[in-house]
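Right, one structure below, let's go through it.
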Amino acid sequence: MCFIIHNSQFIIHNLFPLKGVRGASFTFLFLFSFFIFHFSFSPARAQVLIRDIYAEAPDSIFPLLTKNNRLDQIDFRENNMQAVVKNLYDERVELLVLTDRYLQLQLSERCVVEMRLLSDSTFCMVQTYNAPAPDSRVRFFDTAWHELPLTIERPSVDDFLSDDIDEDVRLALQALPLIKASLSENDNSITWELQTSELTSEQRKKAEGKVRTLSFPTIKGTY
């Protein structure tokens, strides 16, 4: 510190040999600016982007999609092009949506993946499988792809149903509870939908207007 002050004064007196009150004021302003710049300035922290997390995904997450595939998709999407590549089985994979904090990936004909940054250190992934009705798995990771021991409470079938729904329909839905989860492109909300496609046509008619969608403003995982 003393070395810096001494050398700063040497520079001032040699480059700006001012005398009296004016010189003292100039010296003070110079030193004040010098210390503000050198001791208070800190570079802005790099923004965490979902694109970078996706690019660095381990092979265990996307075994049929290479890193070059993912980088190509990101490049296509950021240049407003259709972000389609072929995986190792020569199947079509499309990056449908990409923002700073959210992406949606059509991984196969039957699988859609969503990823949403919840903070600068954690993100949520939803994998939805259509076989043929959709059913989702929700997982949490840190930004280095270490899976976190967090679980999210999945709504029960009765949470979706009106009290006056036909009992036969209620029992059929409880026997095969297929529930789709969807993340939001715009915020940290999550939406749950109970699937009724496995019901008979008669049961689906009875269920009309009796099955609601559930939305929650924040994704809350618990240990």
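Read-outs: derived from the displayed coordinates by stated rules, not from any lab. Quantities reported herein were computed from a predicted structural model and do not represent experimental measurements. Cβ coordinates were reconstructed from backbone atoms using ideal geometry, including for glycine residues, and neighbour counts include every protein chain displayed.
Summary of values
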| quantity | calculated |
| --- | --- |
| Per DSSP, loop GluC sites (Glu not before Pro) in the stretch 84-149 with at most 11 further Cβ within 10 Å | 109 |
| Those chymotrypsin sites (Phe, Trp or Tyr not before Pro) in the stretch 99-188 that DSSP places in a loop and that have at most 16 other beta carbons within 10 Å | 145 |
| Contour minus Cα-Cα distance for residue 81 and residue 106 (0.36 nm per residue) | 7.5 nm |
| Low-density loop cleavage sites - GluC sites (Glu not before Pro) in the stretch 172-223, where at most 16 other Cβ are within 10 Å (DSSP) | 185, 198, 208 |
| Paramagnetic reach from residue 200 in the stretch 141-180 [backbone N under 16 Å; point 7 Å along Cα→Cβ] | 166-176 |
| Three-way shape label, the stretch 47-91, alpha-carbon gyration tensor, a/c 1.5 | oblate |
| Spread of Cα-to-Cα distances over 10 Å intervals beginning at zero, given as percent, for the stretch 90-142 | 25, 49, 24, 2 |
| Computed label-point distance, nm, for sites residue 71 and residue 218 using a 7 Å Cα→Cβ extension | 3.8 nm |
| Rg ratio (alpha-carbon, reference 2.2 N^0.38 Å) - the stretch 50-216 | 1.16 |
